[in-house]
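Below is one structure, written out as structure tokens; comments come after it.
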Amino acid sequence: MGVEIERKFLVDKKAWQMLEKPAGEMYRQGYLLTDPAKTIRVQQTPDKGFLTIKGICVGATRAEFEYEIPFDEANELLDQFASTSLSKMRYKILVGNNLWEVDEFFGDNEGLIVAEIELKDEAELFQIPVWVEDEVTGDEKYYNSNLTLFPFTDWNKN
């Protein structure tokens, strides 16, 4: 079974803005299914497409199956079948021996910046960069699938 062990953190916007970082890549992703126990996502990078199925999180671990699909088919699935979607700029930054993926969100999630790190084991030690703030692993409102349903810009509206 495919397994993802991922921890998620908020990013200090001021420290992030001052950081010299590599070029980011635009990601577009949409959801064919957003169920609390499972999601089915279509993702498009600048030159590839992916179909990903994720299970429920237990701690920082969940079942994950990801398959590369043709770019044009990813575009077609997003346009014709995704019930919700989002876009973001993704930066990949090596810190110590670990790759951090930092997402700056657009549209209804503008202003949200989240950093993720995939681990081999939940107890694995890793270096935390200075631009990382609070951990939000397990906080469902930060799941990308939930950000399509309950966007960041609506969180403080009442």
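The values are calculated or read from the model by the stated rules, or taken from the named source; none is laboratory data. Here the structure is a predicted model, which is why all the values come from computation and not from measurement. We place every Cβ from the backbone using ideal geometry, glycine too, and count neighbours over all the protein chains shown. Surface areas here come from the heavy atoms of the whole protein model, side chains and all, with no ligands, DNA or RNA. Shrake-Rupley method; radii C 1.70, N 1.55, O 1.52, S 1.80 Å.
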Odd one out for R62, checked against (1) surrounded by 13 or more Cβ atoms within 10 Å (Cβ to Cβ); (2) at pLDDT 95 or above: (2)
Total residues in segment 4-38, condition open to solvent by less than 20 Å² (accessible area, probe 1.4 Å) and either among the basic types (K, R) or over 19 Å from L99 (Cα atoms) (or both): 4
Residues of segment 34-56 classified as part of a strand (DSSP E or B) and over 16 Å from the mean Cα position of the chain (by Cα), total: 1
Top-ranked residue in segment 1-33 [being part of a loop (DSSP other than H, G, I, E, B) and more than 16 Å from the chain's Cα centre (by Cα); ranked as farthest from A115 (Cα to Cα)]: M1
Residue count for segment 83-98, restricted to those that are closer than 24 Å to L32 by Cα and open to solvent by 80 Å² or more (accessible area, probe 1.4 Å): 1
Hits in segment 71-82 - residues which are out of contact with any Asp or Glu (no Cβ under 9 Å at 6 or more places or on another chain) and open to solvent by 40 Å² or more (accessible area, probe 1.4 Å): D72, E73, N75, E76, L77, D79, Q80, F81
Any strands (runs of 3 or more DSSP E) falling wholly within segment 63-155 and containing at least 1 residues that are within 21 Å of V42 (Cα to Cα): 84-95, 98-105, 113-118
Restricting segment 39-51 to residues that are surrounded by 18 or more Cβ atoms within 10 Å (Cβ to Cβ) and not aliphatic (A, V, I, L, M), the residue that is farthest from S145 (Cα to Cα): G49
Some residue of segment 119-129 being at pLDDT 95 or above and buried (at least 19 other Cβ atoms within 10 Å of the Cβ): yes
Subset of segment 99-118 (residues that are surrounded by 14 or more Cβ atoms within 10 Å (Cβ to Cβ) and without any contact (Cβ under 8 Å) to a residue 40 or more places away in the chain): W100, E101, F106
Residue in segment 70-86 that is β-branched (V, I, T), within 17 Å of the chain's Cα centre (by Cα) and farther than 30 Å from N156 by Cα present: no
